[in-house]
1. Counting just the residues of the stretch 93-110 that are on the phi < 0 side of the Ramachandran plot and open to solvent by 50 Å² or more (accessible area, probe 1.4 Å), which one comes out farthest from the chain's Cα centre (by Cα)?
2. Can you name every residue in the stretch 237-260 that is among the charged types (D, E, K, R), assigned to a helix (DSSP H, G or I) and at pLDDT 75 or above?
3. Among residues belonging to the stretch 268-297 that are part of a loop (DSSP other than H, G, I, E, B) and modelled with pLDDT of 80 or more, point out the one that is most open to solvent (accessible area, probe 1.4 Å).
4. Could you please let me know if Phe233 is within 30 Å of His175 (Cβ to Cβ), modelled with pLDDT of 85 or more, open to solvent by 50 Å² or more (accessible area, probe 1.4 Å) and not polar (S, T, N, Q)?
5. Could you please find all residues in the stretch 203-225 being in a loop (DSSP other than H, G, I, E, B) and hydrophobic (A, V, I, L, M, F, W, C)?
6. Determine whether Glu227 is modelled with pLDDT of 85 or more, open to solvent by 20 Å² or more (accessible area, probe 1.4 Å) and touching a Pro at 6+ places or on another chain (Cβ under 8 Å).
7. Considering each of Ser142, Ser121 in turn, give the residue that is open to solvent by less than 60 Å² (accessible area, probe 1.4 Å), closer than 21 Å to Val17 by Cβ, at pLDDT 85 or above and not charged (D, E, K, R).
8. For the stretch 40-60, how many residues are within 14 Å of the chain's Cα centre (by Cα) and either modelled with pLDDT of 85 or more or part of a strand (DSSP E or B) (or both)?
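The values are calculated or read from the model by the stated rules, or taken from the named source; none is laboratory data. Not measured: the values here are computed from a predicted model. Virtual Cβ from ideal backbone geometry, glycine too; neighbours counted across all protein chains shown. Remember, those area values only see protein heavy atoms, side chains included, never the ligands or the DNA or RNA. Shrake-Rupley method; radii C 1.70, N 1.55, O 1.52, S 1.80 Å.
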Amino acid sequence: MVKKLMEVVDVPVVASVIPTIFVTNLEDALEWYCRCLKFRVLAFNPHFATLEMSPGRICWIRKDAERKGQGQLNFHVKDAVALHEHLVREGVDVDPLEVGVADTHWYILRDPDGNSFGVWSGLFGLNETDNVNRPEFPALMSYKFVKVPAIRWAGVAATVDIDSPDEGIFDAASHLSLQALGEGRTFTVNPIIEKYAGVKQHRLWVCREVANDLPMPNNLVEITIPEQHYAVFSFNLSQTDFRNRYSGIYRWLGKQFGFLKTEPGSAGAYHLEFFLEDRIEAYIPYSAGPDETHDYE
């Protein structure tokens, strides 16, 4: 019997298995999984999120209070339409084929014992990762999901050369260090621009976070950044050209399920750059949008 079954198997149809977790409060759940299990957010909207559990291995989290505590396995396949036609011919208990956002196809099937599985095809939740019948996946672009309260900062403007900004930033930081601004964090505030291609110089600020009751020196710029969500990307300290990646990352974020870009020139339209002991963390703002993808070529 086993030998006969082995002869029936042709090319596997399942490229990867993706669990879905149902929760009551999505943002609380995301914070828990990122903090406790070190998952990383790949896509997010008010109802649904994709998390990277380990490199190339993802799960989905859906806001659904009625199904909280229940889980579901999803088969990601190359061609959900062709598989659906095959399942119907085999007499499988399968729901009608549905077309989702970003031209994804999906449905639910059940085995003879009543176990249910979701079936998906398309790039939904996988970004631009190849759908392959092997365990090796390309590295996914990943980041952590944070919500930062409003920040009041004092800054020194610096017009820097895009290819070698260190000198201009160092001069501004030296000037800032002479001010009595308390113990707040020092970071770089970089206004969002759509494309760096062809840009030779760029104006940014070296800043210190200051308390609301602290007087602002007359020779410093003051701006309050509103509370908002950020996607935080980490770079190696040696990666001096990390700002040149902003345009690509920003457009990539805008194409993900449920993301809306923070438009240049709007309130809070700044990349925040923190230089830590072992890495650079770039905070890129976004807002959670409707259940659709957006084309930002």
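1. Only one residue tops the list, namely Asp93.
2. Arg243, Arg245
3. Filtering first and then ranking leaves Glu277.
4. no
5. Across the stretch 203-225, the qualifying residues are Val210, Ala211, Leu214, Met216, Leu220.
6. Yes: the conditions hold for Glu227.
7. Ser121
8. Number of matching residues: 14.
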